[in-house]
Amino acid sequence: MAWFVLVVSGVLESVWAIALGRSEGFTRLVPSLVFAVGLVASMAGLALAMRTLPTGTAYAVWVGIGASLTVAFGMVSGEEPVSLVRVLLILGLVGCIVGLKLVH
């Protein structure tokens, strides 16, 4: 259960990061609200998962999921450049996240 909560929290990290970028310095209401709700939910899930999982592992997985999804969203939406090297590096990050789960 802790791993499921951690993965959902990692996804929510990506949600709040994207919303933060779209809030234009908290001048846009809806993205600012999405940021606030996503941030609280993401942190609460991380805290819950860390009751069971080691802090370093939980944090690395949480950040890795959030970072990889945020970059992938940026590439898909055209806000970030796409290259073979960038895609391979993101896949490597995802592989490391899976590896942390497998060795747990």
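The values are calculated or read from the model by the stated rules, or taken from the named source; none is laboratory data. This structure is a prediction, so every number in the text was calculated from the model and none was measured. Please note: Cβ atoms are built from the backbone with ideal geometry, for glycine as well, and neighbour counts cover all protein chains shown.
Here the range 55-73 is the region considered, the condition is being touching a helix residue (DSSP H, G or I) at 6+ places or on another chain (Cβ under 7 Å) and aromatic (F, W, Y), and the residue that is nearest to S42 (Cα to Cα) is W62.
When L33, L46 are checked against the criterion of being within 15 Å of A67 (Cβ to Cβ) and in a helix (DSSP H, G or I), a single residue qualifies: L46.
Could you grab the pairs with beta carbons closer than 7 Å, sequence gap of 6+ or different chains, first residue in the range 1-16 and at negative phi and in contact (Cβ under 8 Å) with a residue 12 or more places away in the chain, second one of a type in the set (F, W, Y) and part of a helix (DSSP H, G or I)? Hits for this filter: L6/W62; S9/W62; G10/W62; E13/W62; S14/F73; W16/F35.
Matching residues to (1) farther than 20 Å from F73 by Cα; (2) charged (D, E, K, R):
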{"position": "M1", "(1), (2)": "yes, no"}
{"position": "V11", "(1), (2)": "no, no"}
{"position": "R22", "(1), (2)": "no, yes"}
{"position": "F26", "(1), (2)": "yes, no"}
{"position": "V30", "(1), (2)": "no, no"}
{"position": "L33", "(1), (2)": "no, no"}
{"position": "A36", "(1), (2)": "no, no"}
{"position": "L46", "(1), (2)": "yes, no"}
{"position": "R51", "(1), (2)": "yes, yes"}
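Scanning the range 69-84 for residues that are among the hydroxyl-bearing types (S, T, Y) and either assigned to a loop (DSSP other than H, G, I, E, B) or touching a Leu at 6+ places or on another chain (Cβ under 7 Å) (or both) turns up just one, S83. Taking the criterion of being of a type in the set (G, A, S), in a loop (DSSP other than H, G, I, E, B) and surrounded by 15 or more Cβ atoms within 10 Å (Cβ to Cβ), would at least one residue in the range 53-68 satisfy it? No; the residues of the range 53-68 include none that is of a type in the set (G, A, S), in a loop (DSSP other than H, G, I, E, B) and surrounded by 15 or more Cβ atoms within 10 Å (Cβ to Cβ).
Condition check ((1) at pLDDT 95 or above; (2) of a type in the set (S, T, N, Q); (3) more than 26 Å from W3 (Cβ to Cβ)) across all residues:
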{"site": "A17", "(1), (2), (3)": "yes, no, no"}
{"site": "L29", "(1), (2), (3)": "yes, no, yes"}
{"site": "V34", "(1), (2), (3)": "yes, no, no"}
{"site": "L39", "(1), (2), (3)": "yes, no, no"}
{"site": "T57", "(1), (2), (3)": "no, yes, no"}
{"site": "T70", "(1), (2), (3)": "yes, yes, no"}
{"site": "S77", "(1), (2), (3)": "yes, yes, yes"}
{"site": "V82", "(1), (2), (3)": "yes, no, yes"}
{"site": "K101", "(1), (2), (3)": "no, no, no"}
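Is it the case that the range 74-94 has a residue that's touching a helix residue (DSSP H, G or I) at 6+ places or on another chain (Cβ under 6 Å) and among the acidic types (D, E)? Yes - at least one qualifying residue is present in the range 74-94.
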